[in-house]
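Notes follow once the structure below has been shown.
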């Protein structure tokens, strides 16, 4: 078996159907399988997946009773995988071209020269604009740039644009720090050589943590620009934007606690808090000057809710 595609599903019927259809259309004549790990979905997706399982011999469905989060569910799928390569793919992605073998061949070729961890692809938004799928490792300084909008104001700066690599055109294949979990290709043996995903992460930052483990173990991670796919970033996860914001904060805090120090985690939380406050101030002014813009009022409400959730989570931890 060449490739095992692992997809974690949680109430994503509106997305996973298109995702699976795009795989069938664009994956060529080599040995591949799909493993969907369902985290206790209660929408139409679970019945749809059961039907696909009954009709396809290369499709496997693992039904978890509860929502275990992305990291644990991905590890469960990886254990069951038969492929030389693993492809972790989000259900809100869509494969739009042939050529997945090109990435696998790139991986094999580079592996003869150096230790390779994760290889990611070029990811575009539904409107065909670039999505920043490869990034530099998070630091306190980079959180500061994000909280105070410096990464947007000076996105062509190698300093302020360093986290998202926004100063670079993303049109070449290069070594990078980490790749987002929307599309991560690597060898199964390599994945388990560093222990797989850290299951202490529920959602977000587990991809960053995995790439950091590879980096510290002497592996290199690569962005492969010649293969691209679409991704509705947060399409499944962002039904509640406020909750998503807090989940990102909690996962980043855990990332700094695990990989650096408690002081790093405290500074991260402080700058993240300031970032939320800055956005509330911004949208208050935007709503005052144009109160008819429903989107602005909605964003303001979401950041106010984020602030409330931030404090309730901080007090409970």
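The values are calculated or read from the model by the stated rules, or taken from the named source; none is laboratory data. What you see is a predicted model, and the numbers here were worked out from it, not measured in a lab. All Cβ positions, glycine included, derive from the backbone under ideal geometry; neighbour counts span all protein chains shown.
For (1) surrounded by 17 or more Cβ atoms within 10 Å (Cβ to Cβ); (2) more than 21 Å from residue 180 (Cα to Cα), each residue gets a yes or a no:
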site	(1), (2)
22	yes, no
29	no, yes
40	no, yes
45	yes, yes
58	no, yes
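Find the residue count for the stretch 60-71, including only residues that are part of a helix (DSSP H, G or I) and either more than 14 Å from residue 9 (Cβ to Cβ) or in contact with a strand residue (DSSP E or B) (Cβ under 6 Å, 6 or more places away or on another chain) (or both).
The number of residues fulfilling the criteria is 2.
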Exercise. Name the one entry in 137, 88 that is within 26 Å of residue 278 (Cβ to Cβ), in contact with a helix residue (DSSP H, G or I) (Cβ under 9 Å, 6 or more places away or on another chain), surrounded by 15 or more Cβ atoms within 10 Å (Cβ to Cβ) and at pLDDT 95 or above.
Key: 137
Exercise. Please find, within the stretch 216-259, the residue that is surrounded by the most Cβ atoms within 10 Å (Cβ to Cβ) out of those that are modelled with pLDDT of 95 or more and part of a loop (DSSP other than H, G, I, E, B).
Key: 219
